[in-house]
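Down below is the structure, laid out as structure tokens.
The values are calculated or read from the model by the stated rules, or taken from the named source; none is laboratory data. As the structure is a prediction and not an experimental result, all values here were calculated from the model. Note: ideal-geometry Cβ built from the backbone for every residue, glycine included; neighbour counts use all protein chains shown.
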Amino acid sequence: MISAHGAAVSVTNDALTLTPTPLAASLAGDSGERTLAIGDVTGVEVAGGDAWAPATVRIDAGSSSLTIAFAPGDAEGPQELASLLDDARRGAAPATEPLAGVAGIPGFSFVGFDVETANQRWGSICQIGLVKVIDGEEVDRVSWLCKPPETLGEFAEGNIAIHGITADSVASAPCVSEFVPQMVEFVGDLPLVAHNAQFDASALRDACLETDAEVPQMLFACTLAQARATKLDVANHRLPTLAEHFGVELSNHHDACEDAAACAGVMVGLARAARHEGSLMQFVHDTGFTLGSISAERVTPVLRDRSGAGRAMQAKQTSVADAVAATAEPRGSNQAGPQKKAQQAKRPAPWQSVATPDEIPEPNPAADPNAPLFGEHVTLTGEFEPYDKGQLWAGIADQGAQVGKNVTKKTTVLVTGEWATMTSKEKRARELMEKGQDIQIWPADKLLAALGLDEQPPF
């Protein structure tokens, strides 16, 4: 992708595509792309400019021609375009296509990320998929089958049924910890993008901690959060549904690389629908969220930032490490910054949104034994906006589960909602898990799906 004056230019071995920027399209009253077949190109001529006059590239194609102008002072863009056209005419252009079949977005760069796990322990990673997107276009992808950490190595039948990966599939593969340095090198300073990103980010951190590998410091965005914050005409916000909505191919769902690519395409689709120009961080901030972060200490999820304090802190940092540190600073899901006393009096404190009701509902004695939560002991922690815990408790009890206010030796399922740091309940659950107690840690999205609340989302 090359940025020209008022347009983005992409070149493949088949065609040159000229896509006007939103501003240029608005001024011209025409947002249509112009495509030129590489086979029709007969000559390319570069006319240099200066600090005042734009440089141009004239492309002759039989009886027609196309002249592309560049910003004054841009000496590299015209030469790069001419070089790409020369490569394309020889069949040597980069073999990449724009995501969703359209031109990209200058500055919109990230790495799509997905993991598959061997069992319900998040750290039991058995496959990693990464798809690099530069300026809104896919440029590279990698995928690794790997052994989960030895302590989490059991392959559960339910997980195998989802992704088809077995212990035999990874028998000769290296441990997941051996791929972490390769992942770090592939990602570089780019942010990650995942669907229900808190799960994938937490899985990476957990896998590193289980294998004594260094936990990489990374920032991430979440297509689930972004999609829920956007008014989309969709039945739900599952990845296949969103991929279909944006015209993104997803032929092998639950293959980590395929899911990472679909997730990347969805994020580009969301940005394009918003007519966004610029970086992924800017897009996430413009929609009212902060980026999430991964560090050895914690995974901070993507959070709504009602005050703007978190976004301001994050945006002013010049390195990933500093941005990660800044991300973890605010406390509470609203990342509330300093406010005037009068404002504070009108708004409930962050903890009020996660306060537990006084009365615990009794399990439904006539519940379906095949219900996802039947017979479980379930505790919630964090925020589940727009649902309050009383509503969720009622749904859990209706499935024949026992609701608990706290994590105890009876707890079998802990559901984690949004919160800036690991809650005391999650810390307690992980302590008990280390001692051998069988506790499943669910993301909020899994609970909503189990209760049927994600089918007709009010988001």
When residues of the stretch 214-262 are limited to those that are of a type in the set (Val, Ile, Thr) and in contact (Cβ under 8 Å) with a residue 60 or more places away in the chain, the one farthest from Val284 (Cα to Cα): Val215
Going through His254, His237 one at a time, which residue ends up being surrounded by 19 or more Cβ atoms within 10 Å (Cβ to Cβ), modelled with pLDDT under 95 and either touching a strand residue (DSSP E or B) at 6+ places or on another chain (Cβ under 8 Å) or of a type outside the set (D, E, K, R) (or both)? His237
How many residues does the stretch 150-173 hold that are closer than 21 Å to Pro216 by Cβ, over 26 Å from the mean Cα position of the chain (by Cα) and not acidic (Asp, Glu)? 2
Please go through the stretch 21-39 and give me each residue that is modelled with pLDDT under 75 and surrounded by 12 or more Cβ atoms within 10 Å (Cβ to Cβ), ordered by number. Thr21, Pro22, Ala24, Ala25, Ser26, Ser31
List the strands (runs of 3 or more DSSP E) inside the stretch 114-201, counting only whole elements, that have at least 3 residues being within 22 Å of Ala444 (Cβ to Cβ). 192-194
Show me the helices (runs of 4 or more DSSP H) found entirely inside the stretch 364-459 where at least 2 residues are farther than 30 Å from Ala227 by Cα and either modelled with pLDDT under 90 or of a type outside the set (Asp, Glu) (or both). 424-434
Counting just the residues of the stretch 114-149 that are more than 18 Å from Val180 (Cα to Cα) and of a type in the set (Val, Ile, Thr), which one comes out farthest from the chain's Cα centre (by Cα)? Val139
In this structure, does Val184 turn out to be within 19 Å of Phe113 (Cβ to Cβ), in the same structural domain as Ala207 (by TED's automatic domain parsing), free of Cβ contacts under 8 Å to residues at least 40 places away in the same chain and buried (at least 20 other Cβ atoms within 10 Å of the Cβ)? no
In the stretch 326-338, is there at least one residue being outside any loop (DSSP other than H, G, I, E, B) and either modelled with pLDDT under 90 or out of contact with any helix residue (DSSP H, G or I) (no Cβ under 6 Å at 6 or more places or on another chain) (or both)? yes
Can you tell me which residue among Ala326, Ala273, Ala312 is more than 18 Å from the chain's Cα centre (by Cα) and surrounded by fewer than 16 Cβ atoms within 10 Å (Cβ to Cβ)? Ala312
Anything in the stretch 282-298 that is surrounded by fewer than 22 Cβ atoms within 10 Å (Cβ to Cβ) and either in contact with a Pro (Cβ under 6 Å, 6 or more places away or on another chain) or more than 18 Å from Leu224 (Cβ to Cβ) (or both)? List them, or say none. Gln282, Ser295, Ala296, Glu297, Arg298
Which residue is surrounded by the fewest Cβ atoms within 10 Å (Cβ to Cβ), if the candidates are limited to the stretch 82-103 and must be modelled with pLDDT of 70 or more and touching a helix residue (DSSP H, G or I) at 6+ places or on another chain (Cβ under 7 Å)? Arg89
Flagged in the stretch 40-57 as surrounded by fewer than 17 Cβ atoms within 10 Å (Cβ to Cβ) and at pLDDT below 90, in numbering order, are Ala47, Gly48, Asp50, Ala51, Trp52, Ala53
Neighbours by Cβ (under 7 Å, 6+ apart or cross-chain): first from the stretch 199-213, in the same structural domain as Ala296 (by TED's automatic domain parsing) and among the basic types (Lys, Arg); second surrounded by fewer than 23 Cβ atoms within 10 Å (Cβ to Cβ) and outside any helix (DSSP H, G or I): Arg205/Val215
Within the stretch 305-324, identify whether any single residue is among the basic types (Lys, Arg), farther than 16 Å from Met218 by Cα, modelled with pLDDT under 90 and part of a strand (DSSP E or B), and answer yes or no. no
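To keep it simple, each residue is scored yes or no on (1) over 19 Å from Ile2 (Cα atoms); (2) surrounded by 13 or more Cβ atoms within 10 Å (Cβ to Cβ); (3) over 40 Å from the mean Cα position of the chain (by Cα).
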residue	(1), (2), (3)
Ala61	yes, yes, yes
Ser64	yes, no, yes
Ala71	no, yes, no
Glu76	no, no, no
